[in-house]
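Chemist: Take this structure, written in structure tokens, and hold onto it; I'll ask about it next.
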Amino acid sequence: MLFDFKLIKSVYEQMPERVKNARKNLGKPLTLSEKILYSHLSVEEKGNKFTRGEDYVNFAPDRVAMQDATAQMALLQFMNAGKTKVAVPSTVHCDHLIQASIGAEKDLADAKQQNNEVYDFLESVSQKYGIGFWKPGAGIIHQVVLENYAFPGGMMIGTDSHTVNAGGLGMIAIGVGGADAVDVMAGMPWELKMPKLIGVKLTGKLSGWVSPKDVILKVAGILTVKGGTGAIVEYFGEGADAMSCTGKGTICNMGAEIGATTSIFGYDQNMSNYLRHTGREDVADLADVVMDHLRSDEEVYENPEKYYDQVIEINLSEMQPYINGPFTPDLAHSLSEFGKAVKENGYPQKLEVGLIGSCTNSSYEDLSRAASLAKQAKDKNLKVKAEFVVTPGSELVRYTTERDGILKEFEEIGGVIMANACGPCIGQWKRHTEDPTRKNSIITSFNRNFAKRNDGNPNTHGFVASPELVTALAIAGDLCFNPMTDTLINEDGVEVRLDEPKGLEFPPNGFDMKDSGYLAPGTDGSAIAINVNESSERLQLLAPFQAWDGKDWTGLNLLIKAKGKCTTDHISMAGPWLRYRGHLDNISNNMLIGAVNYFNGETNSIFNPVNGKYEEVPVTARDLKASGLGSVVVGDENYGEGSSREHAAMEPRHLGVKVVIVRSFARIHETNLKKQGVLGLTFANKADYDKIQEKDKFDVTGLTDFAPGKPLKLIVTHEDGSKDTIVANHTYNDVQIEWFKAGSALNLIRIQNAK
């Protein structure tokens, strides 16, 4: 299908002049990222030259995409923005609420029954406000976007951290919270700190067992989970151009795991081919004409160190496969070293489940390469030792791979085909196990592997690899198996070796499907009424948050001092909690229940200042709120890493948290806190984190003079009466301070629209 052609044509018509002006204003050759960013400045933006990593800039993205779990809260907020229709093309994708259990047909039917209220709400709101709606089963948001909406040189935002997947088609695509989406859908400028730039030069060419997945797994090991924070990662070089478009998408997708604002590749022949194979020949024709503007200037490629803030070079010809994990996506092991790491660290060597697919790795190429190994297992009389689960990324790929016999290859070795949805990747997996807390190992081609991420079991050691390597290890049932060097004993007792995987970038007979699952937006939604039952446990209309009272804060209580890694999964878990994503009060019962309390090393057990007992975090927060007492959350490094879910910011706001002060923030979470009116601060001296004691009370001073670049102070009173004064930095600019004063960014939008 061809969407928004007029919009895309307009972008390409204006791009040459905008790039020319940007090159003149900056006085230097431009990277691809700079070309797209400066071509998408908001009309309200007065500046023409910005300092990377310092200046906040207003942009005008071309489109917005929302998945069903985050769309609920985003649209509940949009309903309060005072608009009758979205200002830019926007879509909702029903992919998160489908639980993987038995298989695609039964699981999808169950999801439609269980989530009927939510699906009806999302569909009716979409119809009312002019939003495209992708029904349950249509596919995972990021693959559907790549197949239908992404275009080289465009700019979009999406309410999911893996929106960055679209960078594989040369688009600047950024994950945001729902409040950011509301800004853009309401026609407001969207604000972002001008990103720094990391260049990754790829030389050589992939071959054999090595895939694009291995590139990002290696990069994650180099940059770590926060090495890309505040930066766009731009891939270039002969190795980049030689890679398939969907392979590029895989690399960009997992850029979220290094904290990058987004990742991107320059437009090339492989992208043009992908557009043409997915029914967008007209877009490819336009892009081919302006190709020079859809790649960095040649001077950049010749001397990258002059134009990027950091440069990494990787020779693809020397690469070997990687396996990352457990418990963090940046713990990188080359395949040759992984077996040793398994034994030295005591990871469970027996592999119980291999899972492939998800938004990261379920292209036709991915599945066909993995299927070549499944066929080998059958032909060489190998019994598959681990469970094997396959999650197609879209109906386009599912239908085509079924037609071409690829899915049958998986099924014939015992593989189970799940619905076109996120499923196990986000914890929507009803894993069949007799002991849900037992220590065990699984391996996936997904993107995240935090503790409890896939199956809720903190003792599940999750590892991440390419689909073909996952398939090979599932056949062996052994984490220490190296298919490049090791053999297996088949059912006849004969020693056999797996040959290198082989696949096809595109189906020989073209892509096909019977029903895309797409519902076009209505032209006039004025007569559509949105009804939310007051007794619903799934949906709840939002009441505006209270504005700041104009005074410094005094007598705030410590709610929790979180120890170590505290991701958005720790702050607001997914899995079964997804059912409450449209009901702020109900989902707030999961607030910070996964965070480790610094003082006792336990989760969901903190000191309650109201009654002096140790209780659950949400219970304690509600007690403090009911008593009229505000609270403070203290966190460690890269606080809020992971998903874009704004519930991790809305829940603390709803339950009376006034301040979150940490050693450092993940980008999206810091912005989400600001949008919801929570004061997000960092320790000026990171060692001050150690000064916080369990029964501390806090005064926040300097709020009456709140200004950009001017630190605030926290007066911390300890139980014995002694005090510490802590200097707290912030990154608020003038507009963000107005969000804080109004009580939230949405409150400010509503005030502005009422004028």
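Chemist: In region 410-442, whose amide N lies under 20 Å from the spot 7 Å out along Cα-to-Cβ of residue 102? List them in ranges.
Modeler: Output list for this probe position: 411-412, 414-424, 428-434.
Chemist: Relative contact order, percent, of region 22-159 when contacts are C-alpha pairs under 8 Å separated by at least 6 residues?
Modeler: The normalised contact order for region 22-159 reaches 30 percent.
Chemist: Would you grab the residues whose amide H sits under 5 Å from the one on residue 237? Only those 5+ places off in sequence or on another chain, please, with H modelled 1.01 Å from N.
Modeler: 202
Chemist: Hand me the GluC sites (Glu not before Pro) from region 525-616 located in a DSSP loop with no more than 12 other Cβ atoms within 10 Å, in residue order please.
Modeler: Passing sites in region 525-616 are 534, 602.
Chemist: Ranked highest first by average number of other Cβ atoms within 10 Å, how do 587-597, 208-218, 244-254 line up?
Modeler: The packing order, highest mean first, is 244-254, 208-218, 587-597.
Chemist: Take the alpha-carbon centre of region 539-575, take the same for region 134-149, and report the distance between them in whole Å.
Modeler: 32
Chemist: What is region 214-352's relative contact order, in percent, from Cα pairs under 8 angstrom and six or more apart in sequence?
Modeler: 29
Chemist: Using the Cβ atoms and a cut-off under 13 Å, what net charge is assigned to the surroundings of residue 230, where Lys and Arg are +1 and Asp and Glu are -1?
Modeler: The answer is +1.
Chemist: Provide, as a two-decimal number, the C-alpha radius of gyration of region 435-531 over 2.2 N^0.38 Å, N being how many residues it has.
Modeler: Cα Rg divided by the expected 2.2 N^0.38 Å: 1.76.
Chemist: Separation of region 651-665 and region 23-45 by C-alpha centroid, Å?
Modeler: Computed from Cα coordinates, the inter-centre distance equals 35 Å.
Chemist: Hey, what did the chain get for relative contact order, percent, Cα under 8 Å, at least 6 apart?
Modeler: 14
Chemist: Sort 747-754, 380-387 by the packing proxy (mean of other Cβ within 10 Å over each peptide's residues), most packed first.
Modeler: 380-387, 747-754
Chemist: Something else now. Where a Cα-Cα gap under 17 Å defines reach, which aspartates and glutamates qualify for residue 83, not counting those fewer than 8 residues away within the same chain?
Modeler: 180, 183, 524
Chemist: Starting from 0.36 nm per residue, how many nanometres of slack lie between residue 48 and residue 523 once their C-alpha separation is accounted for?
Modeler: Gain in length upon complete extension: 167.3 nm.
Chemist: Where nothing but the Cβ of Lys and Arg (+1) and of Asp and Glu (-1) is charged, how large is the charge dipole of the chain around its Cα centre, in debye to the nearest 20?
Modeler: Its charge dipole is roughly 1400 debye.
Chemist: Kirkwood Rh over alpha-carbon pairs of region 324-456, then Stokes-Einstein at 25 °C and 0.890 mPa s: what D in µm² s⁻¹, rounded to an integer?
Modeler: The diffusion coefficient I find is 156 µm²/s.
Chemist: If you take every residue apart from residue 245 with its C-beta less than 14 Å away from the C-beta of residue 245, what net charge results, scoring Lys and Arg +1 and Asp and Glu -1?
Modeler: My count for the surroundings of residue 245 gives -3.
Chemist: Measure up 9/674; 193/625; 201/675; 563/697 against 26 Å on the Cα-Cα distance and list the ones that go over.
Modeler: 9/674; 193/625; 201/675
Chemist: Put +1 on the Cβ of each Lys and Arg and -1 on the Cβ of each Asp and Glu in the chain; which of 482, 731, 317 then has its Cα farthest toward the positive end of the dipole?
Modeler: Selected residue: 731.
Chemist: Another question, then. With every protein chain present, what is the per residue accessible area of region 1-58 (1.4 Å probe, Å²)?
Modeler: 53
Chemist: Among the DSSP beta bridges whose two residues both lie in the chain, what percent are antiparallel, rounded to the nearest 5?
Modeler: Bridges in the chain are about 35 percent antiparallel.
Chemist: Could you work out the local net charge near residue 550, counting Lys and Arg as +1, Asp and Glu as -1, over the other residues with Cβ closer than 15 Å to its Cβ?
Modeler: -1
Chemist: Just the number, please: carbon plus sulfur as a percent of the accessible area of the chain, 1.4 Å probe, no ligands or DNA/RNA counted.
Modeler: 47
Chemist: Also, quick follow-up: Roll a 1.4 Å probe over the protein chains and send me the accessible area per residue for region 290-348 in Å².
Modeler: Here the per-residue accessible area is 49 Å².
Chemist: Counting other C-beta atoms within 10 Å, and keeping those with at most 12, which DSSP coil GluC sites (Glu not before Pro) do you find in region 1-89?
Modeler: In loop regions of region 1-89 (DSSP not H, G, I, E or B), the sparsely surrounded GluC sites (Glu not before Pro) are 44, 54.
Chemist: Which entries of 106/385; 218/713; 350/502 have Cα-Cα distances beyond 29 Å here?
Modeler: 218/713
Chemist: Just report the Cα centroid separation between region 102-132 and region 577-609, whole Å.
Modeler: Each part reduced to its Cα centre gives a spacing of 28 Å.
Chemist: Rounded to the nearest whole Å², what accessible area per residue is found for region 61-194 with the 1.4 Å probe?
Modeler: Counting only protein heavy atoms, the per-residue value for region 61-194 is 21 Å².
Chemist: Kindly provide the trypsin sites (Lys or Arg not before Pro) of region 399-446 that DSSP labels as loop, not H, G, I, E or B, and whose Cβ sees at most 12 other Cβ atoms within 10 Å.
Modeler: Those satisfying the criteria are 438.
The values are calculated or read from the model by the stated rules, or taken from the named source; none is laboratory data. Because the structure is a prediction, the values reported are computed rather than measured. Cβ coordinates were reconstructed from backbone atoms using ideal geometry, including for glycine residues, and neighbour counts include every protein chain displayed. The area values use the complete protein model at the heavy-atom level, side chains included, leaving out ligands, DNA and RNA. Shrake-Rupley method; radii C 1.70, N 1.55, O 1.52, S 1.80 Å.
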